[in-house]
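Comments concern the structure below.
The values are calculated or read from the model by the stated rules, or taken from the named source; none is laboratory data. Everything numeric here is computed off the predicted structure, so don't read it as measured data. Every residue, glycine among them, receives a Cβ derived from its backbone with ideal geometry; neighbour counts consider all protein chains shown. Only protein heavy atoms, including side chains, enter the accessible area calculation; ligands, DNA and RNA are left aside. Shrake-Rupley method; radii C 1.70, N 1.55, O 1.52, S 1.80 Å.
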Amino acid sequence: MSADLSVTFAGLRFVNPFLLSSAPPTESDSNIIRAFDAGWGGVVTKTIGLHPVVNVSGPKTKFLRATPDSPYLSMQKRPGTSLHSSWNWELISDKPLDWWVPRIARIKKAHPDRVLVASIMAGSGSDRELAHWQTLAKACQDEGADAFELNLSCPHMDRKDMGSNIGKDQELISTVTEVVKEVARVPVWAKLTPSTTDIVEEARAAFLGGADAISSSNTFPSLPLIDPETLEFEMNVDGLVSSGGLGGPAILPLSLAKMAQLTQAFPDGAFSGIGGVAEFAHALNYFLLGCGTVQVCTAAMLDHAIGPKVIASLTQGLETFLQRHADKGWRSIEDIRGLRRDRVVTHSQIRRPDSKEYFGGHETSEGYAPAGTPAHID
């Protein structure tokens with residue numbers, strides 16, 4: 001029996017579990033169609049909003065590079081380096097809803113078998129702002145969008161009622177999700193920020209609001225490095241810089257830690273993993289922790305913007321992996337999803353070199369839940 005690369009995630013069938021995430025590569029219909037032509041199972045549009053957006057002058061995305069056998073990190077292009085991370089301070093799509101609406105229809109007409117997820121974002125400070133979420137949702141689904149990804153995680157917003165500022169407020173997360181669910185005829189995903197004390201609580205709020213799936217995580221808030229020679233930030237406008245998002249290989253272990261928290265807390269939930277994926281071995285981590293799909297950004301940006309080589313490598317890697325383990329009965333992602341989720345435990349459960357029990361600094365085990373105690377959505 002041959003390997004099955006398709007997955008059903010949040011009620012939608014994907015020809016393969018690999019998506020381009022909401023980012024510069026998905027900023028236009030031409031790029032998205034090229035991505036589907038290349039073989040991606042799904043694409044999340046660059047975030048669509050109703051508020052006018054004007055991006056900073058100059059570069060919006062750069063790549064931090066490491067020098068082998070040296071601690072030197074810099075955005076400066078130089079030979080013999082390897083990718084460390086990406087850094088961006090790009091805002092949401094600068095194209096209005098009216099621009100996107102006919103293009104969503106065009107994309108679906110060109111690739112009716114591929115999943116197009118509309119990333120949307122509005123404010124939350126008033127009923128009028130909340131109504132904007134519904135305006136965006138209705139317009140996108142009417143043209144064929146297969147799902148929504150609620151941007152509750154953009155780290156670049158100055159407004160206190162937008163982006164990651166919503167994603168740190170459990171009440172607002174539930175409210176926004178409920179508002180979209182009122183009008184949605186398609187699945188609703190909530191994209192969460194990693195910049196929070198306990199991402200499980202934010203996910204709980206999204207599920208209580210009716211979210212069908214969680215995407216995690218967005219880029220990590222960060223600053224570019226200062227050049228030791230010029231004493232200027234390596235990325236700046238007129239010498240000034242603001243917080244941006246760190247992505248790429250450097251955040252893979254960080255994002256996996258967030259995902260492990262989520263999938264352990266909600267083992268029956270649907271999760272789309274984001275952060276640091278460039279090859280199948282990276283994506284496998286997310287699947288083994290319990291994700292049903294995986295999203296890619298930085299690696300695709302460095303591969304002709306939409307990642308034709310990346311998606312070929314991912315699908316071939318998945319097929320080879322499943323064929324290699326066919327004797328175990330593994331035919332699809334569903335057969336391996338979550339297989340290593342339970343290996344992530346509290347520190348006190350890691351074996352010590354002697355027989356003395358360790359309770360995380362406490363004298364007794366009081367306060368520690370017995371191993372294997374499930375967490376449930378209230």
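Computed values, structure above
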read-out: For R34, solvent-accessible area (1.4 Å; no DNA, RNA or ligand), Å²; value: 100
read-out: Solvent-accessible surface ranking, highest first, for R103, R114 at 1.4 angstrom; value: R103, R114
read-out: Global geometry of the range 99-253, whether rounded, prolate or oblate, following the gyration tensor of its Cα atoms and the 1.5 cut on a/c; value: prolate
read-out: Largest-first ordering by accessible area, 1.4 Å probe, given options D69, D29; value: D69, D29
read-out: Spatial separation of Cα centroids for the range 182-225 and the range 125-149, in angstrom; value: 17
read-out: Cα gyration tensor shape for the range 212-364, rounded if a/c is under 1.5, else prolate or oblate; value: oblate
read-out: Extension gain from L302 to E171, taking 0.36 nm per residue of separation minus the Cα-Cα distance; value: 43.4 nm
read-out: FRET efficiency for T197 and S242, using Cβ-Cβ distance with R0 set to 22 Å, rounded to 0.05; value: 0.45
read-out: Candidate lysines - alpha carbon under 19 Å from K181, same-chain residues fewer than 8 apart omitted; value: K138, K191
read-out: Straight-distance crosslink candidates among lysines, where the alpha carbon sits under 20 Å from K60 and sequence neighbours closer than 8 are dropped; value: K46, K77, K95
read-out: Stretch gain in nm, segment D94-D69, where the contour uses 0.36 nm per residue and the Cα spacing is subtracted; value: 4.9 nm
read-out: Order of exposure, largest accessible area first, which applies to R341, R324 with probe 1.4 Å; value: R324, R341
read-out: Inter-label distance, nm, simple model (7 Å from Cα along the C-beta direction), T230/F359; value: 5.8
read-out: Area accessible to solvent at L262, 1.4 Å probe radius, in Å²; value: 0
read-out: Percent RCO, i.e. relative contact order, over the chain, from Cα pairs under 8 Å lying at least 6 residues apart; value: 17
read-out: Separation between Cα centres of the range 259-298 and the range 307-337, rounded to whole Å; value: 15
read-out: Mean residue ellipticity (222 nm) of the chain, computed from DSSP H runs ≥ 4 via -39,500 (n - 2.57), nearest 500; value: -9000 deg cm²/dmol
read-out: Positive-pole candidate from V43, P68, L20, dipole of the range 20-69, charges at beta carbon; value: P68
read-out: Overall dimensions of the chain as given by Cα atoms, namely Rg and Dmax in Å; value: 21.0, 67
read-out: Q316 paired with L208, simple spin-label distance in nm, labels 7 Å along Cα-to-beta-carbon; value: 4.8
read-out: Under the Karplus curve 6.51 cos²θ - 1.76 cosθ + 1.60, θ = phi - 60°, whole-Hz ³J(HN,Hα) for the range 286-302, x wherever Gly or Pro sits; value: 5, 5, 5, 8, x, 6, x, 9, 9, 10, 10, 9, 3, 4, 5, 4, 7
read-out: Quotient of Cα Rg and 2.2 N^0.38 Å for the range 26-134, N being how many residues it contains; value: 1.39
